[in-house]
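The values are calculated or read from the model by the stated rules, or taken from the named source; none is laboratory data. Keep in mind it's a predicted model, so treat the numbers as computed, not measured. Backbone-built Cβ (ideal geometry, glycine too); neighbour counts: all protein chains shown. Note: accessible area is taken over every heavy atom of the protein model, side chains too, but ligands, DNA and RNA are not part of it. Shrake-Rupley method; radii C 1.70, N 1.55, O 1.52, S 1.80 Å.
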Amino acid sequence: MIRNIFVASLLSVTATAAAAELTYGTAFAKFHDFDVDGAGTIDVKSFGGGIEYRYDNFIFSGELSNISIEGVDIDLGTVGVEYALANGFNIGLDYSRFDIEGFDADVTSLFGSYQSGAHTFGAAIGDSSDLDDMTFSIFAAWDVTPTGTVGLDLVHIEDETLYAAYADYDVAQYNVQADLLKLDDLSVVAVAGGYEFANGFSAIGSVGFLDLGPEDVRSITIGGQYEFTPGANVELALGRLDFDSGEDVDQLTFGVNYELGRRTSKRRSLGNIFSSATATFAGLTDF
């Protein structure tokens, strides 16, 4: 199920009190045209958004994304609430749902974490009526700078173990995001980034490697963005997917993106792990 999810695969609020704050918001819409060598074109559309909002000791979060591949829809949604206890401990609950044209599954998870300085460690346990066994996970994150984080997630689900590592670094002029995902015969390694020039223009690009067992796929994209208002930009990118079978796929992407703030919770739900990987690999989404 997890393998198929990946392969097949809001906002502006003003804080009204010192105890309430919108810490993160994002929204995107992307249109991809994949020109398959000798087999025509495939249209892929993706859109979604996410939010994190703090009120006193509570953190509320959610995200929703849709990927449409020639009329086949992949929907992913997550909502969660987290409460900060004393002495660096947090507890929380989140709910993730996947819906792929006739197959759907949901996972409800209870998690806890401990933060000591720049380091966070946590664990979660989840259950689903659509799965045979409960899910278990452990996670860790390290804020290497105020705007840079590296982390690791290990998720055990349906007798399989998912390994996911990430790095997210953002400064005034450039940003870098990297993802590593490993699950049985599925492996993803991808790095994406951007460099901002003057007058709102930026250069963007990504490189990625996808191992599907019998088939390997290499991806590269390069393009540009224009920020027409703070946090909001339009992008145009060209790319290519090279398959071991010899097929080459040319990619053209047009997108509109909006982002403010930065996530403060170090808990990544199952949905967030996959949305991060699809964002980095060939720019399919934008989480």
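How large is the translational diffusion coefficient of the range 148-194 in µm² per second when you combine the Kirkwood radius over alpha carbon pairs with Stokes-Einstein at 25 °C and 0.890 mPa s?
209 µm²/s
What's the percent breakdown of Cα-Cα distances in the range 166-287 across 10 Å bins, shortest bin first?
Histogram of Cα-Cα distances, whole percents per bin: 12, 43, 33, 11, 1.
With each run of n ≥ 4 DSSP H residues scored as -39500 (n - 2.57), what mean residue ellipticity at 222 nm is computed for the chain after dividing by its residue count and rounding to the nearest 500 deg cm²/dmol?
-1500 deg cm²/dmol
Of all accessible surface on the range 97-253 at a 1.4 Å probe, what whole percent is carbon and sulfur?
Of the solvent-accessible surface of the range 97-253, carbon and sulfur hold 60 percent.
Can you compute the FRET efficiency between residue 172 and residue 132 using 1/(1 + (r/R0)^6), with r the Cβ-Cβ distance and R0 = 41 Å? Round to the nearest 0.05.
In this case the efficiency is close to 0.25.
Enter the Cα centre distance for the pair the range 195-247 and the range 41-67, rounded to the nearest angstrom.
Going from one Cα centre to the other spans 21 Å.
Take the range 42-96, compute every pairwise Cα distance, and split them into 10 Å bins from 0; I just need the percent in each bin.
All Cα pairs, binned at 10 Å, distribute as 22, 36, 22, 14, 6, 0 percent.
How much accessible area per residue does the range 159-287 have, in Å², with a 1.4 Å probe?
46 Å²
Dividing the convex hull volume of the alpha carbon atoms of the range 111-220 by its residue count, what do you get in Å³ per residue?
Dividing the Cα hull volume of the range 111-220 by its residues yields 123 Å³.
Can you give the Rg/Rh ratio of the range 65-115, where Rg is from the C-alpha atoms and Rh is the Kirkwood radius?
A ratio of 1.21.
Which value does Rg/Rh take for the range 210-259 over its C-alpha atoms, Rh per Kirkwood?
So for the range 210-259, dividing Rg by the Kirkwood Rh gives 1.17.
Whole-Hz Karplus ³J(HN,Hα) for the range 267-282, in order, using 6.51 cos²θ - 1.76 cosθ + 1.60 and θ = phi - 60°, x for Gly and Pro?
7, 10, 6, 4, x, 5, 4, 6, 5, 5, 5, 5, 5, 7, 7, 6
Give me the Å³ per residue figure for the convex hull around the C-alpha atoms of the range 127-176.
92 Å³
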